[in-house]
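Notes follow the structure.
The values are calculated or read from the model by the stated rules, or taken from the named source; none is laboratory data. Since we're looking at a predicted model, the values are computed, not measured. Because the Cβ atoms are built from the backbone with ideal geometry, glycine has one as well, and the counts that use them run over all protein chains shown. Heavy atoms of the whole protein, side chains included, go into the accessibility calculation; ligands, DNA and RNA do not. Shrake-Rupley method; radii C 1.70, N 1.55, O 1.52, S 1.80 Å.
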Amino acid sequence: MHGVMGYMARAPQDRPFITRWFPAARSVVVCAFSYHDGSSAPAPDPARGRLARYALPPDYHPELKARMKGLLAWYKERVPGGRGKVFVDTSPVLERLYARYAGVGWVGKNTMLLSRDIGSFFLIAGMAVDAELDLGEPVPEHCGTCTRCLDACPTDAFPSPRVLDASKCIAYFTVEQSQGPVPQAFRAGHGPWLFGCDVCQDVCPWNKFSVRGRVFEPRLPDSLDLGELAALTPESFEERYRGTPLHRTGWAALVRNALLAMGNSKDPRHRPTLERYAAHPDPVLAEQAAWSLRLID
Ligand code: B12
Ligand code: SF4
Ligand code: SF4
């Protein structure tokens, strides 16, 4: 269920066991960093495509890594000879599992780690250390009978509560699957999403408690003009989006996502752009544009 994210399949047996990654680990410290900017979701606009909230600030990895390294330095000052290792997203650590046991929150039915105090629009970073620290209390779950996230997922990516089929998730197609076409069966469900997807968090009642984060400032707007995106060249894309999360997915995938969002908007003003791309030498872009033109017609 992890599509082309090969790193998820590498040594899967190691992922829950932090001692295989850092053998000296005795305790794990987990931090949550809100990235909510306090604004509400934008109103639908057929001229624009949406970005998930976590993509609005600059790439979060260096910022959080630096903060965790600061915390590790503090630990080493207090525990002479102490050792530790930080993790932010890319290490083989099941961050939500450890965050749950550390008492940061519970795993919601949408698989997001969720807190009664700040909702789920936060990122996780942490460190494993070699001392036995006082344990946090796992938070009891507070989803109750609610199923809003399961019902709202536009691509039906939850086979059951707390299980996500990543190979059906819009975040997977728009961010991770940077090559090839978006499979036809999932295209309509993509709606306006260009990078990531927030549907299963936007509908969650606990997210009315989201707090404005103090670590991140948005650099990108929450929606982008589809025509302007399609007009980018690989060079102008580089210039405009270097240092942003969108850079990771690359020009071709972002334009593919924009052409798909144009089709889903059913707005005939996109026809000239789609006609131009229908004749593009890249077969993925040409096929996506032709599909979107059929939807508009
Ligand atoms: C690969 C990945 C993805 C993939 C696959 C997601 C998946 N199936 O796990 C894709 C690209 C789809 C993805 C999407 C998103 N991701 Co992502 N992703 C990751 C990554 C790198 C690895 C996750 C992983 O190993 N998954 C495998 C499954 C088995 O583990 P898990 O879901 O993390 O944890 C499960 C177990 O602990 C278990 N579990 C624990 N307790 C319990 C209790 C019970 C009763 C049960 C049944 C299960 C259970 O269920 C947990 C939830 O599924 C993590 C960072 C990391 N290193 O952990 C970020 C991470 C999970 N992603 C994150 C984010 C922000 C997102 C998006 C919101 C981005 C967006 N807006 O588009 C979406 C959310 C989609 C969703 N509903 O989960 C954050 C989540 C923060 C949070 N508050 O939970 C993380 C932690 C990154 C970070 N450092 O902050 N992501
Ligand atoms: S992020 Fe979007 S596509 Fe993925 S599980 Fe949530 S609602 Fe479904
Ligand atoms: S929408 Fe409801 S079921 Fe889903 S995570 Fe939020 S509270 Fe839990």
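Spatially, the range 105-175 and the range 264-297 are offset by 36 Å when compared through their Cα centroids. Given the whole protein assembly as supplied and a 1.4 Å probe, what does the accessible area of W74 come to in Å², nearest 10? Looks like 130 Å² after rounding. If you build a Gaussian network model of the chain, linking Cα atoms that sit under 10 Å apart, which residue out of G144, G108, G126 swings the most? Fluctuation is largest for G144.
Structure shown: which of K76/K109; K65/K266; K65/K208; K85/K109; K85/K208; K69/K168 lie over 32 Å apart, alpha-carbon to alpha-carbon? Each step should come with its number before you reach the end.
Numbers: K76/K109 38 Å; K65/K266 42 Å; K65/K208 28 Å; K85/K109 30 Å; K85/K208 34 Å; K69/K168 35 Å.
With Cα atoms farther than 32 Å apart: K76/K109; K65/K266; K85/K208; K69/K168.
Compared with the dominant Cα axis of the chain, that is its longest principal axis, helix 60-78 is turned about 10°. Relative contact order for the range 59-147: 32 percent, from Cα pairs under 8 Å spaced at least 6 residues apart, divided by residue count. Note on the chain: with a GNM built from Cα contacts shorter than 10 Å, the maximum mean-square fluctuation among E132, E141, E228 falls on E132. Surface analysis of the range 250-291 yields an accessible area of 39 Å² per residue, using protein heavy atoms and a 1.4 Å probe. For the residues E287, E77, a 1.4 Å probe over the protein chains yields an accessible-area ranking, largest first, of E77, E287.
Would you mind telling me which residue in L97, L113, L274 has the biggest mean-square fluctuation in a Gaussian network model of the chain, where springs connect alpha carbons within a distance under 10 angstrom? Fluctuation is largest for L97. Taking 7 Å steps out from each Cα toward its Cβ at K76 and R294 produces label points 5.9 nm apart.
Given a 1.4 Å probe and every protein chain left where it sits, what share in percent of the accessible area of the range 213-282 is carbon and sulfur? Of all accessible area on the range 213-282, carbon and sulfur atoms account for 50 percent.
To the nearest 10 square angstrom, what accessible area does C197 show with a 1.4 Å probe? Spelled out: C197, probe radius 1.4 Å, area about 30 Å².
For the range 29-135, the Cα gyration tensor yields ellipsoid semi-axes of 31, 16, 11 Å (square root of five times each eigenvalue, largest first, whole Å).
Per residue, the average separation of C-alpha pairs within less than 8 Å and at least 6 apart gives the chain a relative contact order of 26 percent.
Nearest 500 deg cm²/dmol is fine: what mean residue ellipticity at 222 nm does the chain get from its DSSP H runs of n ≥ 4 alone, each adding -39,500 (n - 2.57), divided by its residue count? Please report the intermediate quantities before stating the final value.
On the way: 13 runs with 102 residues, N = 297.
Dividing the helical sum by the residues of the chain leaves -9000 deg cm²/dmol.
At a 1.4 Å probe radius, carbon and sulfur cover how many percent of the accessible area of the range 82-167?
On the range 82-167, the fraction of accessible area on carbon and sulfur atoms equals 50 percent.
The figure for I18 is an accessible area of roughly 10 square angstrom, using a 1.4 Å probe on the protein chains alone.
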